[in-house]
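Trainee: Please find one structure pasted underneath; my questions will follow.
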Amino acid sequence: MSRMRRWTTAAALVGLLIIGGGVIAAMGDVGRRPFGGQAAAETPSGQRVVTVGGEGRVLVRPDTAQVVLGVMSQGPDLGPVQETVNGQMDAVLASLRDAGIPEERIRTVAFNISVDRDYQQPSAPITGYTVTHLVQVKVKPIDQISGIIDSAVAAGANTVSEVSFVVEDRDAAVRQAREQAINDARQKAQHLAQLAGVQLGPPVSITEGAAPPPMPMPLARDGAVEMAAGAAAIQPGESEIVVSVVVSYGIQ
């Protein structure tokens, strides 16, 4: 039994030496890697690489305006309220068609019927109904948005909201931002290679980040629509297209 314990102890010590030797070897390998092991690594094939990120940003003016508008009406009886909303909405849609807005750029985003009650009474009796019909309209070119809003209001629209601007034709801006991102990554890799005293090779992998499309830009508060003063004051501003890449270059 005593001999067996001695064998077990010896085996444990050998195991610790093996594990310890592996840790020391791994630490020595990290110490020999350039860039502290973060920018530089090895591919599964054993090729040493330096991996960097690049980003490109391009400012573009929006090419499409969006607005949500429609009709809201209240009354004690549902039927007449619906008739009022339907009649005014038909006139609003006719004004949009007369302005040259194609059908595919007009879509209903809300049609609501809500019941109004008097909650001060024990049985909360119905006092009336509220009917709302809203459509989202996409306008291109954007300089037409003021006149279209004014015409819709004149035709009966009494709700106007969510005036915003988007970039629908993003291809040219995305290509430009992508080129900037690749150039940015190449300059970073060249600088790192120069600092480390290694030769930069061709890229071995390129990954483009999935950048979301630019969010619609809301109308600025100081550019709010002023119907009573005539045409609405519209300030579309600019949108930013962002492309990010991760590139791994071979190093020698």
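Trainee: Return the pairs, sorted by first residue and then second, in which the second residue is open to solvent by 90 Å² or more (accessible area, probe 1.4 Å) and at pLDDT 60 or above, the first residue lies in segment 194-219 and is closer than 22 Å to residue 236 by Cα, the beta carbons are less than 9 Å apart, and the residues are 6+ apart or on different chains.
Mentor: That search, which allows pairs on different chains as well, returns 216/162; 217/238; 218/162; 219/162; 219/235.
Trainee: Can I ask one more? Checking residue 231 against (1) at pLDDT 90 or above; (2) under 30 Å from residue 145 (Cα atoms), only one condition comes out false. Which one?
Mentor: (1)
Trainee: Next question. Since residue 164 meets every condition but one in (1) surrounded by 13 or more Cβ atoms within 10 Å (Cβ to Cβ); (2) free of Cβ contacts under 8 Å to residues at least 12 places away in the same chain, which condition does it not meet?
Mentor: (2)
Trainee: So, one more: Quick one: how many residues across segment 54-76 are of a type outside the set (Gly, Ala, Ser) and more than 30 Å from residue 209 (Cα to Cα)?
Mentor: Summing the residues that are of a type outside the set (Gly, Ala, Ser) and more than 30 Å from residue 209 (Cα to Cα) in segment 54-76 gives 7.
Trainee: Residue check: is residue 123 assigned to a strand (DSSP E or B) and either within 26 Å of the chain's Cα centre (by Cα) or without any contact (Cβ under 8 Å) to a residue 24 or more places away in the chain (or both)?
Mentor: Against the criterion (assigned to a strand (DSSP E or B) and either within 26 Å of the chain's Cα centre (by Cα) or without any contact (Cβ under 8 Å) to a residue 24 or more places away in the chain (or both)), residue 123 does not qualify.
Trainee: OK, next. Quick check on residue 183: is it out of contact with any Asp or Glu (no Cβ under 9 Å at 6 or more places or on another chain) and part of a strand (DSSP E or B)?
Mentor: Taking the combined requirement at face value, the residue does not satisfy it.
Trainee: Which residues, counting only those in segment 59-97, are open to solvent by 40 Å² or more (accessible area, probe 1.4 Å) and either among the basic types (Lys, Arg) or modelled with pLDDT under 95 (or both)?
Mentor: Residues satisfying the conditions are 59, 61, 97.
Trainee: Sticking with this structure for a sec: Which condition breaks for residue 151 when tested against (1) surrounded by 15 or more Cβ atoms within 10 Å (Cβ to Cβ); (2) small (Gly, Ala, Ser); (3) in a strand (DSSP E or B)?
Mentor: The single condition residue 151 does not satisfy is (3).
Trainee: Give the number of residues within segment 46-56 that are surrounded by fewer than 19 Cβ atoms within 10 Å (Cβ to Cβ) and at pLDDT below 95.
Mentor: Final tally of qualifying residues: 3.
Trainee: Which condition breaks for residue 116 when tested against (1) under 20 Å from residue 82 (Cα atoms); (2) among the acidic types (Asp, Glu); (3) assigned to a helix (DSSP H, G or I)?
Mentor: (3)
The values are calculated or read from the model by the stated rules, or taken from the named source; none is laboratory data. Predicted, not measured: the structure shown is a model, and the values here were computed from it. A quick note on method: Cβ atoms are made from the backbone with ideal geometry, for glycine too, and the neighbour counts reach across all protein chains shown. Surface areas here come from the heavy atoms of the whole protein model, side chains and all, with no ligands, DNA or RNA. Shrake-Rupley method; radii C 1.70, N 1.55, O 1.52, S 1.80 Å.
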